[in-house]
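**Q** Provided herewith is a single structure, encoded as structure tokens, for subsequent inquiry.
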Amino acid sequence: MKKAKTVDQIVNDRYAIYQGDCCDLIKGLPEASVDFGIHSPPFEGLYKFSNYDRDISNNEGAEFWEHYGFLISELLRVTKAGRLHSVHCMQLPTSKNRDGFIGMRDFRGEIVRAYQAAGWIFHSEVCIWKDPVVAQQRTKSLRLLHKQIVKDSSLSGMGLADYIVTFRKPGANLVPIEGMFDRFIGEGLDISQDGYAEYCRAGRLDDPEFKPWPMDMWRSVLVWQRYASPVWTDIRQTRTLQYRGARDHQDEQHISPLQLDVIERCVELWSAPGETVLTPFLGIGSEVYSAVDMGRKGIGFELKPSYFRQAIRNLTELDKPPENRMFEDDAETMEAEDA
């Protein structure tokens, strides 16, 4: 990485994380040097992450899209031809106080159009299921309350799902991402030796001439069928990194770690071991943590000091055996609906 203005940094042979403004730091990355990227952007107008004037979350309207648009263009520059970048987002609720009405805003669509305007190709998307009961209990959203159904359902509506929208840089991918899946990330799928034995047994009951797939093919096909679904209902919602240590009493206390299942599926789908994964919004380190844990190299930028310090703590967990690592047990998610 070219010399850039950083407050702090940790660089080793597995990852490089930098504290500073991502719009400055990304200019230090060489062109076409990143194999895959993934991040959660600030949700414009909804959350403020810090008091810094350089924090994109402190911008709204045209200023937000001007700053984020610069980053989107830089992400295109540093990504290799034919490779991808994934964005975690959701539709945004409106409120009477902020917008003058209760409804929804197509933030997901705004992101898609911004990436297309910068030259990216809209590659794919997946909807991630979230429990509406948990959302209702946490947010007390009018649209999710059962008493509103009883009173007047014209103001009732569904919970807000998460999305992963993925974009591809134009051009041919020169190094194929190849091979079958040898594990499943999520919950509810048995790809064990016992599961394979049951597959063989059931097949022969239906057809004595049944010829089962080899186990590695059977396992990979089952996993792909889950990953290829347009809706992921099997994400472990509470599997996130530790985040409470990133609390900062001096500003708004919103922390929203993305589930590791989501990150790991994307990393496994769209990168290969040894390749470089970038996140411009490091946060508490989730994307870099997952990339390194899966045999990739990670690069991350983070402006907020308390988040950066927590990212350092979380990444040191990679030095421990998996069974001894610390995870959060009741993750905060990114949904907040205003009645």
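**Q** Give the residues of the range 225-243 that are among the hydrophobic types (A, V, I, L, M, F, W, C) and either without any contact (Cβ under 8 Å) to a residue 24 or more places away in the chain or assigned to a loop (DSSP other than H, G, I, E, B) (or both), sorted by residue number.
**A** Looking only at the range 225-243, we keep the residues that are among the hydrophobic types (A, V, I, L, M, F, W, C), and these are 228, 231-232, 235, 241.
Of everything in the range 225-243, those that are among the hydrophobic types (A, V, I, L, M, F, W, C) and either without any contact (Cβ under 8 Å) to a residue 24 or more places away in the chain or assigned to a loop (DSSP other than H, G, I, E, B) (or both) turn out to be A228, I235.
**Q** Another one. Tally the residues that are within 22 Å of the chain's Cα centre (by Cα) and hydrophobic (A, V, I, L, M, F, W, C), restricting the search to the range 161-198.
**A** Count: 9.
**Q** Between residues in the range 149-171 that are farther than 21 Å from D131 by Cβ and β-branched (V, I, T) and residues that are modelled with pLDDT of 95 or more and outside any helix (DSSP H, G or I), which pairs lie under 6 Å by C-beta distance while being six or more apart or on different chains?
**A** V165/V87; V165/E125; T166/L84; T166/S86; T166/H123; T166/S124
**Q** To continue, here is another question. Give L174, L84, L145, L155 a once-over and let me know the one that is surrounded by fewer than 17 Cβ atoms within 10 Å (Cβ to Cβ), among the aliphatic types (A, V, I, L, M) and modelled with pLDDT of 95 or more.
**A** The unique qualifying residue is L174.
**Q** Which condition from (1) assigned to a helix (DSSP H, G or I); (2) closer than 13 Å to W224 by Cβ is the one that C200 breaks?
**A** Single failed check for C200: (2).
**Q** Filter the range 9-21 down to residues that are in a strand (DSSP E or B) and touching a Gly at 6+ places or on another chain (Cβ under 8 Å) and give me whichever is surrounded by the fewest Cβ atoms within 10 Å (Cβ to Cβ).
**A** Checked the range 9-21; the qualifying residue surrounded by the fewest Cβ atoms within 10 Å (Cβ to Cβ) is A16.
**Q** Same structure again: For the subset of the range 203-224 comprising residues that are more than 31 Å from the chain's Cα centre (by Cα) and outside any loop (DSSP other than H, G, I, E, B), which member is surrounded by the most Cβ atoms within 10 Å (Cβ to Cβ)?
**A** So the residue we want is G203.
**Q** Follow-up question, since we're still on this one. Is there any pair with a first residue in the range 98-118 that is over 18 Å from S40 (Cα atoms) and at pLDDT below 90 and a second that is loosely packed, with under 13 Cβ neighbours inside 10 Å and not β-branched (V, I, T) whose Cβ atoms are under 7 Å apart and which are 6 or more apart or on different chains, and what are they?
**A** If the second residue must be loosely packed, with under 13 Cβ neighbours inside 10 Å and not β-branched (V, I, T), the pairs left are I102/K96.
**Q** Could you list all residues from the range 200-217 that are touching a helix residue (DSSP H, G or I) at 6+ places or on another chain (Cβ under 6 Å) and under 26 Å from E178 (Cα atoms)? Give the derivation first.
**A** Going residue by residue through the range 200-217, those that are touching a helix residue (DSSP H, G or I) at 6+ places or on another chain (Cβ under 6 Å) are 210, 212, 215.
Correct list: P212, M215.
**Q** Evaluate the following for I185: is it at pLDDT 95 or above, crowded, with 19+ Cβ neighbours inside 10 Å, at negative phi and assigned to a loop (DSSP other than H, G, I, E, B)? Reasoning before the result, please.
**A** Values: at pLDDT 95 or above: yes; crowded, with 19+ Cβ neighbours inside 10 Å: yes; at negative phi: yes; assigned to a loop (DSSP other than H, G, I, E, B): yes.
Considered against the rule, which asks whether it is at pLDDT 95 or above, crowded, with 19+ Cβ neighbours inside 10 Å, at negative phi and assigned to a loop (DSSP other than H, G, I, E, B), I185 comes out as yes.
The values are calculated or read from the model by the stated rules, or taken from the named source; none is laboratory data. Everything numeric in this text was worked out from a predicted model, so none of it was measured. Using ideal geometry, Cβ is built from the backbone for each residue, glycine included, and neighbour counts are taken over all protein chains shown.
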